[in-house]
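As structure tokens, the structure follows; a few thoughts come after it.
The values are calculated or read from the model by the stated rules, or taken from the named source; none is laboratory data. All figures in this text were calculated on a predicted structure; none of them were measured in a lab. Here the Cβ positions follow ideal geometry from the backbone for every residue, glycine too, while neighbour counts run over all protein chains shown. All accessible areas refer to the heavy atoms of the entire protein, side chains included, with ligands and DNA or RNA removed. Shrake-Rupley method; radii C 1.70, N 1.55, O 1.52, S 1.80 Å.
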Amino acid sequence: MLLAVISDSHIAAPNHWFGAVFDRYLARADCLIHCGDMVGADLFHFMLAHPALHAVRGNCDQFTTPHDRPTLHSFALTTPRGHALNIGVAHGWGERASVWKRVWESFPDHQLICYGHTHRRDWSLHQGARILNPGSLAEGSLALVTLADDGELSCEFVDISPAH
């Protein structure tokens with residue numbers, strides 16, 4: 001199972017660059033996670049085309065929609081072999097060096113915790129939970145996470161040309 005994780009796209013509407021990123025990396029994912037700071041409703045509506053979008057509100061997201069995003073979001077995925085993965089998603093808040101810890105504390109008993117805000121990549125393990133920050137999409141970073149049938153997680157960071 002493939003999860004595409006992005007954050008801090010900082011564009012209000014889809015443009016040619018975002019469309020190319022979406023087509024190449026995001027559309028094929030079984031699950032698409034956006035960790036906040038989209039900044040525009042038009043981008044959010046574009047991303048709703050993905051059948052398994054999970055998105056949270058970031059501190060730069062001042063728009064509202066009928067499908068508004070929470071600040072904290074939790075959901076579960078199950079592999080074909082029955083391994084469950086609890087996923088927590090938040091943008092993050094406060095002092096940047098400890099954003100990961102505040103987000104981690106918000107999701108007890110989760111195996112994967114995704115966050116943004118710092119624009120810095122993070123793939124770490126803390127007390128049995130994988131902590132992921134895909135970096136800033138606007139600055140040319142996203143993450144592809146593979147959930148194997150046995151429940152194991154692996155992460156590949158992808159470098160792309162940054163948005164202009």
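Observations on the structure shown:
- Out of 142, 147, 72, sole residue that is of a type in the set (A, V, I, L, M, F, W, C) and touching a Pro at 6+ places or on another chain (Cβ under 6 Å): 142
- Residue list for the stretch 94-110, restricted to those being at pLDDT below 95 and charged (D, E, K, R): 95, 96, 109
- So residue 79, is it out of contact with any Cys (no Cβ under 8 Å at 6 or more places or on another chain), modelled with pLDDT under 95 and open to solvent by less than 60 Å² (accessible area, probe 1.4 Å): yes
- Scope the stretch 85-121; condition in contact (Cβ under 8 Å) with a residue 40 or more places away in the chain and more than 29 Å from residue 162 (Cβ to Cβ); matching residues: 85, 111
- Qualifying residue in the stretch 144-160 (condition: within 22 Å of residue 62 (Cβ to Cβ), open to solvent by 10 Å² or more (accessible area, probe 1.4 Å) and not hydrophobic (A, V, I, L, M, F, W, C)): no
- Flag if residue 91 is modelled with pLDDT of 95 or more and in contact with a Cys (Cβ under 7 Å, 6 or more places away or on another chain): yes
- Within the stretch 54-70, the set of residues being in contact (Cβ under 8 Å) with a residue 24 or more places away in the chain and either among the polar types (S, T, N, Q) or over 26 Å from residue 40 (Cα atoms) (or both) comprises 59, 65.
- Boolean, residue 42 is among the charged types (D, E, K, R) and closer than 17 Å to residue 134 by Cβ: no
- Filter result (farther than 27 Å from residue 20 by Cβ and either among the small types (Gly, Ala, Ser) or open to solvent by 40 Å² or more (accessible area, probe 1.4 Å) (or both)) within the stretch 112-143: 124, 125, 126, 127, 128, 129, 130
- Filtered residue count, the stretch 86-136, keeping only those that are touching a Ser or Thr at 6+ places or on another chain (Cβ under 7 Å) and of a type in the set (Phe, Trp, Tyr): 1
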